[in-house]
Amino acid sequence: MRKADEIGLKELKNSILQERDPRKPCITICGGTGCHGYACEKVIAAVENEIERQNLKDIVNMRVTGCHGFCERGPIVVIYPKKVFYQRVAVDDVAEIISQTITNGNIIERLLYVDPNTGVKFIHEDDVPFYNKQKRIIFGNNGKIDPTNISDYIALDGYNALCKALFHMTPEQIIEEVEKSGLRGRGGAGFPTGKKWAITKAAKERIKYIICNCDEGDPGAYMDRSLMEGNPHSVLEGMAIGAYAIGTHEGYIYIRNEYPLALKNVGIAIKQAEELGLLGENILNSGFDFTIRIHKAAGAFVCGEETALISSIEGKLDGPRPRPPFPALKGLWDKPTNINNVETWANVPVIIDKGADWCSKIGTEKSKGTKIFSLVGKVNNTGLVEVPMGMTLREVVFDIGGGIPKGKNFKAVQTGGPSGGCIPESLIDLPVDFERLTEVGSMMGSGGMIVMDENTCMVDVAKYFLGFLEDESCGKCVPCREGIEKMREILTNICKGEGEEGDIELLEEIALTVKETSLCGLGQTASNPVLTTIKYFRDEYEEHIINKRCPAGVCLDLISYSIDAEKCNGCGACVRPCPTQAITGEKKKLHSLDQEKCIKCGVCYETCKFDSIIIK
Amino acid sequence: MITLSIDNQEVTVKEGTTILEASEKLGIEILKLCYLEGLPPYGACRLCVVEIIKEKGNQIVAACSFPVEKGMKVITNSDRVLKRRRMIIEFLLARCPDVQAVKDLAKKMGIKKSRFKPKNDDCILCGLCVRVCDEIAGIGAIGFVDRGKKLKVDTPFHLASNVCIGCGACSYVCPTGSIEMEFDAAKRFRESLGCEHKCRYALMGLVSYKVCSNNYECWRCKIDQRIRDTLKTHPIFAAKEIKTEQVKQYFSFLKKIQE
């Protein structure tokens, strides 16, 4: 294809749009990681076969897109142009979808989404409560684009912002625009992006670098991954604009090797963009050069820290360096380096395209724009949600997330990944933005949000996260390496019933030392799970230490299972599943549970329909 | 030049100086384990933490790596700093209860016993050996292996190194005595004569390398002894300085051309 310039790009977009009939139905199937977990590739193959078999190529199009966000309900199929939303689609449903919905225009009731709380059925994607409360500026295009086809992105005004930046704006104007939009780093710390760019731009070095940090390592968080998989061009475009503004010609994408689909898609995207002259030498005939290289990362959590990431690209051990000097002045190979997270880069084209004023209207006073959260844990609608900053936790968890499954009570939500804090029910009306989350002892982090129900033990949660951090600490500085280990040991003892009086105070003392004296962000935030759980759930700690009891019934050493004599009707349902034959009893008579044999696996509790198994 | 105050004493230093260097100028002692003059700051032991007074709330930073700022107010021995420092020493004491250097530090700070379970390790992972080998000797025979609590100093794959020149700098800088020189190492080097193990001075271009007349026993080498005696430090540090001087001389003609 001919390399495009400014007019060429517009012509290309028009020709793509002319080729496409907006009224022609298009079956889009989510090909994101969540849906792959539900074997969406089989559905994709089935749709392909069915179209082939019935020879419907002229009547219907098919597109495999990136993540739609509603991962709980995968595999997701949306039929354009009406946006009919089908969820949990199986291979057997494909023939019916094509014969009914495509050919006859009928809706298949059983594939529609039903709100578990109200029982209402929804036909169109935009009506589903999970989607209609969101503001999907960055993430919305994921469901419309085939990430391996650049035409889809260009058809949606893709690379328009790059054109605008290269031909109608000076680098200073771009930085000013980004600064005015109030964009802050989406990777965790929330440093103003425009300011960061300005510092790197002002550095007096000929060679500079920009890096896209896609080393998302939080357990349960996958928004950067999904964005990279589903809409890689938005990140590339953002990086190209950033490179032009900062005045650099080389960029790196640091991406985990555990993200094979993201690696593949971003590789294809770079190749396609280079073929069209949207990346590489002489971009859009403007005289500006910018190449992007992919750096496959070995998957260390600490490499989310920018200085550790830089060491890793340089081929050194993945340890962080003391800051200052900050990477903006002395980064990769000692050259000024600007590092931004995937989501931050993806925000840039929107800001340039729609203008800073439009963007700064969304959000709160100090936190502008939207943020993608990965809503996981004990919540009905697991998935990726993009909401304006300042939305309350209640709205996110209950309105979008659909509340807690099985009618249980909400207990806490952990934001910001393993090193974030647990926010209790009393603070559920907290608006989500950088400042507010920090005030309550948690953080925005990269946007993980783990919901916990009443059956969660907060001591156990703190122990779990510290265990993760203990494994992921690089071990360079003493407080992080030794302190996290010591805290985890104390928490393990408390969970075993070996906690002693004074343990809580000791934990707090260690936690503050680790927080204040650690070398990098990993250690400085590692205490958050401990400090917040002590702050908001101190009674639970005391119950473990003083009364040797786990109120949530989680810590195995502190609980015992027994049978409620009044409720047990001797149905025998629990007898067979018990792996150690600890439950015995004749039919229709009271069963008994042998404490010696019981391994506290909880199978009987799950099986019993009459709530006759008691956890003490 | 930048003027700042450390423990209410004013000091003026060059831009780019660290807090630690500035406080040394005032004669204020700050505890440290992983810092060594001549090596870039590493910031691993965190013993050198000090408090910077700020309006928004005081900040705790590592003095060894934090550069001075104009009008900065630093306190090296506030209650908060001492509390944190004590905890770090307790961590180290639990890790290495039998190491004299750590015991001395603990005594200095008035800590009798660590509240944590002892681990009986003898390495505090300050990284001095690794950095000296890599950055001063330029060899890189040892490095860090694994991460987190499993982190340790080792040769690649725990094999006898075939690049080690046996200079002993790692052992010289080790504050805990965790690395000891093997005295039969010299014998090993002799056996592998002609392959990778070379005299450090030969490697640095200070003596021509053929066969060592001292059987690779450096303590019998006149050059080695002379450098040790005159410079009162490990030869590797001295040799490094001499070498850079020589390099400067070699390249001085370039400057003349430029001028």
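The values are calculated or read from the model by the stated rules, or taken from the named source; none is laboratory data. Everything numeric here is computed off the predicted structure, so don't read it as measured data. In this analysis, Cβ positions are derived from the backbone assuming ideal geometry, glycine residues included, and neighbour counts consider all displayed protein chains. The accessibility values were calculated without ligands, DNA or RNA, using every heavy atom of the protein model including side chains. Shrake-Rupley method; radii C 1.70, N 1.55, O 1.52, S 1.80 Å.
The table below lists the values:
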read-out	value
Quotient of C-alpha Rg and 2.2 N^0.38 Å, computed over the stretch B:50-162	1.34
q = 0.20 Å⁻¹: log10 I(q)/I(0) that the Debye formula gives for the stretch B:5-76, counting C-alpha atoms only	-0.78
Cut-off under 5 Å, modelled amide H: who pairs with B:VAL49 long-range	B:ALA63
Space enclosed by the convex hull of the alpha-carbon atoms of the stretch A:113-261, per residue, Å³	159
Between the stretch B:132-148 and the stretch A:154-197, the Cα center-to-center distance that results, in Å	41
Descending semi-axes in Å of the stretch A:215-343, equivalent ellipsoid built from Cα gyration tensor	24, 20, 11
Probe 1.4 Å, protein heavy atoms only - accessible area per residue of the protein assembly as shown in square angstrom	45
Of all accessible heavy-atom area on the stretch A:455-588, the percent that carbon and sulfur account for (1.4 Å)	47
Calculated FRET value between A:ASP21 and A:ASN117, using beta carbons and R₀ = 60 Å, to 0.05	0.95
Mean Cα-pair separation over length for the stretch A:544-610, i.e. relative contact order, pairs under 8 Å, 6 or more apart, %	30
The stretch A:1-54-the stretch B:1-69 distance, computed between alpha-carbon centres (Å)	59
Rounded to 10°, Cα long-axis angle of helix A:458-472 versus longest principal axis of chain A	50
Sites A:GLU498 and B:ILE53, calculated FRET efficiency, Cβ-Cβ separation with R0 45 Å, nearest 0.05	0.60
For chain A: relative contact order, % (alpha-carbon pairs under 8 angstrom, 6 or more apart)	12
Theoretical FRET efficiency, 1/(1+(r/R0)^6), r = Cβ-Cβ of A:ALA573 and A:LYS616, R0 30 Å, to 0.05	0.90
Average other protein chain Cβ within 10 Å of Cβ, residues A:466-475	3
P(r) histogram, all alpha-carbon pairs of the stretch A:82-137 included - 5 Å bins from 0, percent	4, 18, 26, 23, 14, 10, 4
Helix-only mean residue ellipticity at 222 nm for the protein assembly as shown, each DSSP H run of n ≥ 4 adding -39500 (n - 2.57), per residue, nearest 500	-10000 deg cm²/dmol
Tilt relative to chain A, helix A:40-53 - C-alpha long axis, 0 to 90 degrees, to 10	50
Hz values of 3J(HN,Hα) by residue in the stretch A:87-94 - Karplus curve (6.51, -1.76, 1.60), Gly and Pro given as x	10, 6, 7, 9, 4, 5, 7, 4
Placed amide H near A:ARG63: partners under 5 Å, 5+ positions off or other chain	A:ILE27, A:THR28, A:ILE29
Translational D in µm²/s for the protein assembly as shown (Stokes-Einstein at 37 °C, 0.692 mPa s, Kirkwood Rh from C-alpha pairs)	106
Backbone N within the stretch B:32-64 under 18 Å of label point (7 Å from B:LYS25 Cα along the Cβ vector)	B:37-38, B:41, B:63-64
Gained length - A:SER360 relative to A:SER426, 0.36 nm times residue gap less alpha-carbon distance	20.8 nm
With Cα atoms, 0 to 90° folded angle of helix A:193-202 axis to chain A main axis	50
Average beta carbon contacts from partner chains per residue of A:506-513, 10 Å cutoff	4
Shielding of B:86-93 by partner chains, average beta-carbon count, 10 Å	5
Burial order of peptide ranges A:417-423, B:117-123 (average beta-carbon count within 10 Å, highest first)	A:417-423, B:117-123
B:LYS152-A:PHE167 pseudo-label distance in nm [points 7 Å out on the Cα-to-Cβ vector]	6.3
Estimated Rh, the stretch A:71-172: Kirkwood, alpha-carbon pairs, angstrom	16.1
³J(HN,Hα), Karplus 6.51/-1.76/1.60, whole Hz, each residue of the stretch A:478-493, x for Gly, Pro	4, x, 5, 5, 7, x, 5, 4, 5, 4, 5, 5, 5, 5, 4, 4
Dipole in debye (nearest 20) - the stretch A:87-129, about Cα centre, beta carbon charges: Lys, Arg +1; Asp, Glu -1	100
Over the stretch B:96-180: Rg over Rh, Cα atoms, Kirkwood Rh	1.03
Extended-chain gain in nm, criterion 0.36 nm per residue less alpha-carbon gap, A:ASP594 and A:GLU52	189.0 nm
From phi via Karplus (6.51, -1.76, 1.60), per-residue ³J(HN,Hα) for the stretch A:383-399 in Hz, x at Gly/Pro	x, 9, 10, 10, 10, x, 4, x, 5, 7, 4, 4, 4, 5, 6, 8, 6
For the protein assembly as shown, share of DSSP beta bridges that run antiparallel, in % to the nearest 5	60
Isotropic mean projected area of the C-alpha convex hull, the stretch A:504-546 (nm²)	2.8
Inter-label distance for A:ILE546 and B:SER78, nm, one decimal - labels placed 7 Å from Cα along Cα-to-Cβ	3.4
Amide proton proximity set for A:THR392, modelled H, under 5 Å, gap of 5+	A:VAL432
Distance in nm between pseudo-label sites at A:ILE59 and A:LYS10 (7 Å out along the Cβ direction from Cα)	4.0
